[in-house]
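The block underneath contains the structure these notes are about, expressed in structure tokens.
The values are calculated or read from the model by the stated rules, or taken from the named source; none is laboratory data. What you see is a predicted model; the values in this text were computed from it and never measured. With ideal geometry, Cβ positions are generated from the backbone for all residues, glycine too; neighbour counts draw on all protein chains shown. Protein only, heavy atoms only, side chains kept; ligands, DNA and RNA dropped before computing areas. Shrake-Rupley method; radii C 1.70, N 1.55, O 1.52, S 1.80 Å.
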Amino acid sequence: FSRVFAYIIEVLIVIGFIDLLFKRKKNQVEREWFMFIMTAMVLLSALIAVPGLANTMNMTRFFHVLLFFLAPLCALGADAIVRRILKREREIIVSLLMVAVLVPYFLFQTGFVYEFTGTDSYSLPLSKHRMKNVFLHWAIGYFYETEVFGAFWVSKNIRDSKIYADITSAYVLLNGYGMVYSNYLMVLSNVSRPAKKDIIYLNRVNVVDVIILGSRSWNTASISHIWDYANRIYSNGECEIFKENFNK
């Protein structure tokens with residue numbers, strides 16, 4: 001249902017743009033506004049047509065930014081539909097149509113419907129209390145303060161060592177908060193072979209939920225042999241860091 005209302009919004013924008021092309025006035029103010037609309041539509045078309053372009057900032061974010069210019073077209077599209085069907089201006093019907101589309105769209109996009117019905121949601125403010133730690137890490141890239149402290153500790157105390165961590169810690173937490181160069185980051189798995197002086201970083205999911213996230217998931221106990229003989233050099237209860245002390 002959320003997707004249906006999103007598609008309706010997009011259809012109304014397209015109809016509004018087509019209607020604007022045929023009936024726009026020629027005064028200077030409207031020409032300036034029309035140029036903004038045209039630029040936004042051209043960019044939106046390019047994001048769809050040009051491979052890889054949308055990945056530069058994410059298609060959803062691009063669309064949200066472009067809505068600053070495209071949003072009026074939604075109302076114009078609703079007005080055009082009512083005008084074609086009823087053959088005359090009916091402001092009340094246009095308003096009712098907009099309310100019927102925009103209110104459900106708003107409730108879906110803000111996550112209210114998902115929280116109200118208990119459905120899986122990506123809204124942290126509304127539904128974080130229902131999300132499991134593994135989902136928070138894997139799907140959303142959410143980290144707790146204790147894990148960030150561990151990443152800060154790594155950035156201040158570890159130099160020129162390979163760091164093994166599960167995939168979300170490696171390429172989101174340690175690369176972002178810890179400012180660790182990507183070439184030093186290694187994904188921890190059941191076939192990892194850390195050398196002497198290499199570092200193993202375990203986040204809250206690894207320590208509390210005992211799960212390692214990589215190309216697949218492993219129970220921490222099943223691969224604990226990788227750091228069983230290493231020295232624990234940092235721990236805050238929910239984040240642990242080990243240093244290998246011999247060559248394997």
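The C-beta contact set for the stretch 148-164 (first residue at positive phi, second residue assigned to a loop (DSSP other than H, G, I, E, B) and modelled with pLDDT under 95, distance under 7 angstrom, 6+ apart or interchain) is empty. Restricted to strands (runs of 3 or more DSSP E) entirely inside the stretch 194-248, those with at least 3 residues that are at pLDDT below 90, under 23 Å from residue 178 (Cα atoms) and open to solvent by less than 60 Å² (accessible area, probe 1.4 Å) are 211-213.
Within the stretch 63-89, residues that are under 20 Å from residue 7 (Cβ atoms) and acidic (Asp, Glu) reach partners that are open to solvent by less than 50 Å² (accessible area, probe 1.4 Å) and part of a helix (DSSP H, G or I) with beta carbons closer than 7 Å, at six or more positions or on different chains, in the pairs 79/94.
Against the numbered list (1) closer than 23 Å to residue 166 by Cβ; (2) among the polar types (S, T, N, Q); (3) without any contact (Cβ under 8 Å) to a residue 40 or more places away in the chain, residue 123 comes up short only at (1).
Does the stretch 182-191 hold any residues that are touching a helix residue (DSSP H, G or I) at 6+ places or on another chain (Cβ under 8 Å) and open to solvent by 10 Å² or more (accessible area, probe 1.4 Å), and which are they?
Across the stretch 182-191, the qualifying residues are 182, 186, 187, 189, 190.
Note on the stretch 1-16: residues that are of a type outside the set (A, V, I, L, M), surrounded by fewer than 19 Cβ atoms within 10 Å (Cβ to Cβ) and closer than 18 Å to residue 42 by Cβ amount to 1.
Within the stretch 152-173, the set of residues being closer than 30 Å to residue 123 by Cβ and either acidic (Asp, Glu) or under 21 Å from the mean Cα position of the chain (by Cα) (or both) comprises 166, 167, 168, 169, 170, 171, 172, 173. When you look at residue 220, is it in contact with a Cys (Cβ under 6 Å, 6 or more places away or on another chain) and among the β-branched types (Val, Ile, Thr), yes or no? It is false that residue 220 is in contact with a Cys (Cβ under 6 Å, 6 or more places away or on another chain) and among the β-branched types (Val, Ile, Thr). Counting only residues that are touching a helix residue (DSSP H, G or I) at 6+ places or on another chain (Cβ under 6 Å) and modelled with pLDDT of 90 or more, which one in the stretch 95-115 is farthest from residue 16 (Cα to Cα)? Residue satisfying both the conditions and the ranking: 113. Tallying residues that are under 17 Å from residue 238 (Cβ atoms) and among the hydrophobic types (A, V, I, L, M, F, W, C) within the stretch 96-134 yields 2. No other residue among 166, 160 is among the acidic types (Asp, Glu) and within 15 Å of residue 218 (Cβ to Cβ) apart from 166.
Scan the stretch 94-119 and report the pairs whose first residue is free of Cβ contacts under 8 Å to residues at least 60 places away in the same chain and crowded, with 17+ Cβ neighbours inside 10 Å and whose second residue is aromatic (Phe, Trp, Tyr) and assigned to a helix (DSSP H, G or I), with Cβ atoms within less than 8 Å and a gap of 6+ or a chain change. Pairs found: 114/108.
Going by what's in this entry, would residue 134 be described as in contact with a strand residue (DSSP E or B) (Cβ under 9 Å, 6 or more places away or on another chain), touching a residue at least 60 places away in the same chain (Cβ under 8 Å) and β-branched (Val, Ile, Thr)? First the steps, then the outcome.
Working: in contact with a strand residue (DSSP E or B) (Cβ under 9 Å, 6 or more places away or on another chain): yes; touching a residue at least 60 places away in the same chain (Cβ under 8 Å): yes; β-branched (Val, Ile, Thr): yes.
In short, yes.
Looking only at the stretch 144-156, decide whether some residue is of a type outside the set (Ser, Thr, Tyr), assigned to a loop (DSSP other than H, G, I, E, B) and either open to solvent by 10 Å² or more (accessible area, probe 1.4 Å) or out of contact with any strand residue (DSSP E or B) (no Cβ under 6 Å at 6 or more places or on another chain) (or both). Within the stretch 144-156, not a single residue is of a type outside the set (Ser, Thr, Tyr), assigned to a loop (DSSP other than H, G, I, E, B) and either open to solvent by 10 Å² or more (accessible area, probe 1.4 Å) or out of contact with any strand residue (DSSP E or B) (no Cβ under 6 Å at 6 or more places or on another chain) (or both).
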